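Each remark here refers to the structure printed beneath this line.
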Amino acid sequence: MEAMREAPKAILFIGLQASGKSTFYQRKMSEYIHINLDTLHTRNKEKQLLEECLRNGNSFVVDNTNPTAAEREKYIHAAKAHGFFVEGYYFQSILADCILRNRNREGKACVPDKAIAGTSNRLELPDLEEGFDRLYFVRMERDGFAVEPWRHNGAI
């Protein structure tokens with residue numbers, strides 16, 4: 001008798017620039033394939049890597065801002081069509097905190113404050129109805145990260 005194989009995971013990060021997404025990936029999820037526009041540089045390379053993960057059943061993390069339901073939909077739809085379990089991680093995105101962290105980045109390219117503010121203006125809280133199987137809320141803390149199950153009550 002063959003053991004049931006766990007479905008591969010598609011994990012989407014959601015949050016402003018400098019909200020801790022890439023650091024969280026490095027510390028907590030580096031076993032998954034990293035899909036990130038900052039490192040891949042083009043949407044075409046991102047699409048190729050995503051298609052390869054889907055085709056081969058490799059779990060992956062989409063480490064971009066993914067601010068709107070419409071932007072998240074392409075990843076969720078493709079992952080669901082290939083039998084992936086889809087998780088979302090919403091990173092607490094307080095504009096002033098993200099701007100300050102961005103200004104203090106070392107060895108990384110800072111983004112303009114206007115870019116962070118622009119993303120903040122478009123940021124939509126995720127919802128299970130988008131197709132997520134599970135959602136989490138992530139908050140940066142002095143010693144790392146706190147991760148809680150998503151309990152959207154309109155005030156996060």
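The values are calculated or read from the model by the stated rules, or taken from the named source; none is laboratory data. All values reported here derive from a predicted model rather than from experimental measurement. In this analysis, Cβ positions are derived from the backbone assuming ideal geometry, glycine residues included, and neighbour counts consider all displayed protein chains.
Just so you know, in the range 90-145 the residues that are among the β-branched types (Val, Ile, Thr) and touching a Leu at 6+ places or on another chain (Cβ under 6 Å) include one that is farthest from Asn66 (Cα to Cα), and it is Ile116. The test for being buried (at least 19 other Cβ atoms within 10 Å of the Cβ) and either of a type in the set (Val, Ile, Thr) or at pLDDT below 95 (or both) holds for Ile14.
If only residues of the range 11-69 that are among the aromatic types (Phe, Trp, Tyr) and in contact (Cβ under 8 Å) with a residue 40 or more places away in the chain are counted, the one that is nearest to Tyr136 (Cα to Cα) is Phe13. Taking the criterion of being surrounded by 13 or more Cβ atoms within 10 Å (Cβ to Cβ) and over 21 Å from Asn102 (Cα atoms), would at least one residue in the range 36-45 satisfy it? Yes, there is a match, as at least one residue in the range 36-45 is surrounded by 13 or more Cβ atoms within 10 Å (Cβ to Cβ) and over 21 Å from Asn102 (Cα atoms). Please work out if Glu6 is modelled with pLDDT of 95 or more, more than 24 Å from Cys110 (Cβ to Cβ) and loosely packed, with under 13 Cβ neighbours inside 10 Å. Judged against the criteria, Glu6 is not a match.
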